[in-house]
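The values are calculated or read from the model by the stated rules, or taken from the named source; none is laboratory data. Owing to the predicted nature of the structure, the values given are computational and were not obtained by experimental measurement. Please note: Cβ atoms are built from the backbone with ideal geometry, for glycine as well, and neighbour counts cover all protein chains shown. Side chains included, ligands, DNA and RNA excluded: accessible areas come from the protein's heavy atoms. Shrake-Rupley method; radii C 1.70, N 1.55, O 1.52, S 1.80 Å.
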Amino acid sequence: MTLQIRSLEQYHEAYRKSVEDPEGFWAEQASTFVWRKKWDSVLKNDFVTPDVQWFIGGKLNITENCLDRHIETRGDQIAIIWESNEAHEPSVKLTYRELLAEVNKCANALKAQGIGKGDRVCFYMPMIPQVAIAMLACARIGAIHSVVFAGFSANALAERIKDAQCKMVICSDYNRRGPKTIPVKSVVDEAISMGCDSVEKVLVYKSTGGKVKWDPNIDIWWHETVDNMGAECQAEVMDAEDMLFILYTSGSTGKPKGVVHTCGGYMVYTCYTFRNVFQYQDGDIYWCTADVGWITGHSYIIYGPLLAGATTMMFEGVPGHPDAGRFWHVCEKHRVNQFYTAPTAIRALMAAGWHAPEGYDLSSLKVIGSVGEPINEEAWHWYDEKVGHKRAPIVDTWWQTETGGIMITPLPHITDTKPCFASYPLPGVQPVLLDPNGVELEGNSVEGLLCIKYPWPSMLRTTYGDHERCRTNYFAAFHNMYFTGDGAKRDEDGRYRIIGRVDDVINVSGHRIGTAEVEDAINQHSGVVESAVVGYPHDIKGQGIYAYVKAHSEVVDEDHFRKEILDVVTKEIGPIAKPDKIQFVLQLPKTRSGKIMRRILRKIAEGQTDQLGDTSTLLNPECVEELKAGALE
Ligand code: PRX
């Protein structure tokens, strides 16, 4: 089993070793897994092209490490506990033995449908055990999963299916989220009708039993195929650097990009970080509330915990259903030991009642985690006092889709915690802060652009189908560095505090949204000439979306026009990208080269109209007064 750090001395020792001898350090971690063939060399380190490879020549299958190797020691231990959207419905529990059998049946079904090594399979699924089963089934046969968050629209889904040329889509009939039932299959049907010619089959899990449209040429029921398959399936032997999955994420320009993760390095890193960050001990019940449509769901609901032989919980519902006590009720019911959620959920639950968690027995909690966006001080203290009872430390974990696993975090009961600080790099992670010219800021009490200067095993390898985009996005800004897109501070003791994105990405309720994507969507409205989107502080969501829209003609009925714009954004991307505020303008502030001056728009959206700085270099400085006058509270 992957080694676990248990003291501050061990952390310092592991960190020192990981910097002095990174290859030796990671080889030691990797040797705790089952490999079909050992690697020939540990690392290819090219941070420029980039061409990073780990455990080169090694052969493995990640599912043998997630499942088969546990059968002897913990076959009858619960692997997955599933908690339904409806509080009164019974939980479902799958042991490691049962999970392996289900994964094998699904893997056999995929093979029977012609899916094989290297084929891409798109997922559009609710939070039900079948999503984990099918993802692992793909990994078992060497197919590449591309999970799309089930809140995205048909357009967004179609775009991702086409980009990865997926051969199959796996979905459910419907999705229950809180009080709503969302039609899933019909969104998939609509997406496929948008020219997704690569899709040969749609595998549908009957989740609610609601009515769906059926095309017998491509649609197949899960219960009619998977359930009839044999429970044995040989795992495909994969190269350490073969693709494991693609996950789309937003950047500052253009369409979302497909971040590619590979088998070996991702396996080693997610298991190592899971064991250490959550200090998981045998018998613990671990719960991460993320959706599997995001990287947190991949790394810390499925792969990390299963690799570590943990009991991981999946939750179908939402924090406020049937009431704001649901999370605490579930923690009490299952005696949860590690609880991992997002600041946006913490703020929403805090707003629902300062003392609310007091009615529940949260004494089982040993570690509580935060991920996805900066956690503000008030929320940190509330979480610490009302949920952790100052006994279960908060791990404020900083990482990204691209990093594959947690990078900067306190280690519970080992390193100290400080409100709003992600704190210390994990062993193997070498963060640096740079000034805008790329000069490294040495020493403590500095603030700059956060980069990582040495490869780590679970870093992205490319962006699917477009390696140049990966290079320009992450490796071109600063020589020999991975640029995160975040700004950060280092305090007087060397702890890191993440400030937030320095590029045109907004973090809305922990979801990454590119301003360019929202602008493209708004501009689809025939009445819109151009638009500019910025983020602004939002009490619950962290950041809200503020859109400035220039219309073709005078806007007579603003409310009606706003609604139409929201509809367009919902259709193009999904409800998560809907602007919170839309200000109609006659002009957008432009530089002489025609670029929109976003700094000014950001300040106005933030209500800091007295801090606009120099506006005289604008091509149209006269627009500033109009923008200020029309600003929305
Ligand atoms: O800005 C950082 C923020 O979320 C971004 C990554 O988003 P995504 O790829 O969707 O992954 C989210 C889950 C890992 C980062 O660039 N972020 C993530 N965690 C934190 C954070 N900001 C502050 N503190 C964090 N703990």
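Condition check for Pro129 on (1) open to solvent by 30 Å² or more (accessible area, probe 1.4 Å); (2) out of contact with any Pro (no Cβ under 9 Å at 6 or more places or on another chain): one failure, at (1). Tyr15 passes every criterion in (1) under 25 Å from the mean Cα position of the chain (by Cα); (2) of a type in the set (Ser, Thr, Tyr); (3) over 28 Å from Val330 (Cβ atoms) apart from (1). Scanning segment 526-539 for residues being farther than 19 Å from Leu601 by Cβ and either over 30 Å from the mean Cα position of the chain (by Cα) or at pLDDT 95 or above (or both) gives a total of 2. Contact map, segment 387-406: first residue more than 18 Å from Pro305 (Cβ to Cβ) and more than 6 Å from the ligand (Cβ to nearest atom), second residue open to solvent by 20 Å² or more (accessible area, probe 1.4 Å) and aromatic (Phe, Trp, Tyr), Cβ cut-off under 6 Å, separation 6 or more or different chains; the map is empty. Restricting attention to segment 465-482, the residues that are open to solvent by 30 Å² or more (accessible area, probe 1.4 Å) and either in contact with a helix residue (DSSP H, G or I) (Cβ under 6 Å, 6 or more places away or on another chain) or near the ligand (Cβ under 10 Å from one of its atoms) (or both) add up to 0.
The residues of segment 490-508 that are within 11 Å of the ligand (Cβ to nearest atom) and of a type in the set (Gly, Ala, Ser) amount to a single one, Gly500. Looking across Pro410, Pro393, Pro431, one residue alone is crowded, with 16+ Cβ neighbours inside 10 Å and under 29 Å from Lys93 (Cβ atoms). It is Pro393.
Just one of the numbered conditions (1) open to solvent by 10 Å² or more (accessible area, probe 1.4 Å); (2) part of a helix (DSSP H, G or I); (3) closer than 25 Å to Ser146 by Cβ is not true of Phe274; which one? Phe274 satisfies all of (1) open to solvent by 10 Å² or more (accessible area, probe 1.4 Å); (2) part of a helix (DSSP H, G or I); (3) closer than 25 Å to Ser146 by Cβ except (1).
Would you call Glu530 away from the ligand (no atom under 16 Å from the Cβ), over 19 Å from Val371 (Cα atoms) and in a strand (DSSP E or B)? Taking the combined requirement at face value, the residue satisfies it. Just one of the listed residues (Lys581, Lys563) is more than 16 Å from the ligand (Cβ to nearest atom), closer than 30 Å to Ala352 by Cα and open to solvent by less than 40 Å² (accessible area, probe 1.4 Å), namely Lys581.
Within segment 131-178, the set of residues being closer than 17 Å to Asp242 by Cβ and of a type in the set (Val, Ile, Thr) comprises Ile141, Ile144. Does His70 satisfy the criteria of being at negative phi and touching a residue at least 24 places away in the same chain (Cβ under 8 Å)? Considered against the rule, which asks whether it is at negative phi and touching a residue at least 24 places away in the same chain (Cβ under 8 Å), His70 comes out as yes. Of the residues making up segment 134-168, those that are over 20 Å from the mean Cα position of the chain (by Cα) and either within 30 Å of Glu232 (Cα to Cα) or assigned to a strand (DSSP E or B) (or both) are Ala137, Arg140, Ile141, Gly142, Ala143, Gln165, Cys166, Lys167, Met168. Tell me yes or no: at least one residue of segment 303-319 is under 24 Å from Lys390 (Cα atoms) and surrounded by fewer than 23 Cβ atoms within 10 Å (Cβ to Cβ). Yes, that holds for at least one residue. Scanning segment 280-300 for residues that are part of a helix (DSSP H, G or I) and out of contact with any Asp or Glu (no Cβ under 9 Å at 6 or more places or on another chain) yields a total of 4.
Can you name every one of the helices (runs of 4 or more DSSP H) wholly within segment 4-83 that holds 3 or more residues which are closer than 13 Å to Gly265 by Cα and open to solvent by less than 70 Å² (accessible area, probe 1.4 Å)? Steps first, please.
Values: elements: 8-20, 22-30, 69-74.
Counting at least 3 such residues, we get 22-30.
All conditions in (1) within 27 Å of Pro374 (Cβ to Cβ); (2) outside any strand (DSSP E or B); (3) among the hydrophobic types (A, V, I, L, M, F, W, C) hold for Val556, with the sole exception of (1). The set of residues from segment 409-446 being within 13 Å of the ligand (Cβ to nearest atom), polar (S, T, N, Q) and assigned to a loop (DSSP other than H, G, I, E, B) comprises Thr409, Thr417.
Each residue in segment 191-219 was checked for being open to solvent by less than 30 Å² (accessible area, probe 1.4 Å) and of a type in the set (Asp, Glu), and 1 of them qualify.
Of all residues in segment 259-302, those being within 13 Å of the ligand (Cβ to nearest atom) and within 17 Å of Thr401 (Cα to Cα) number 18.
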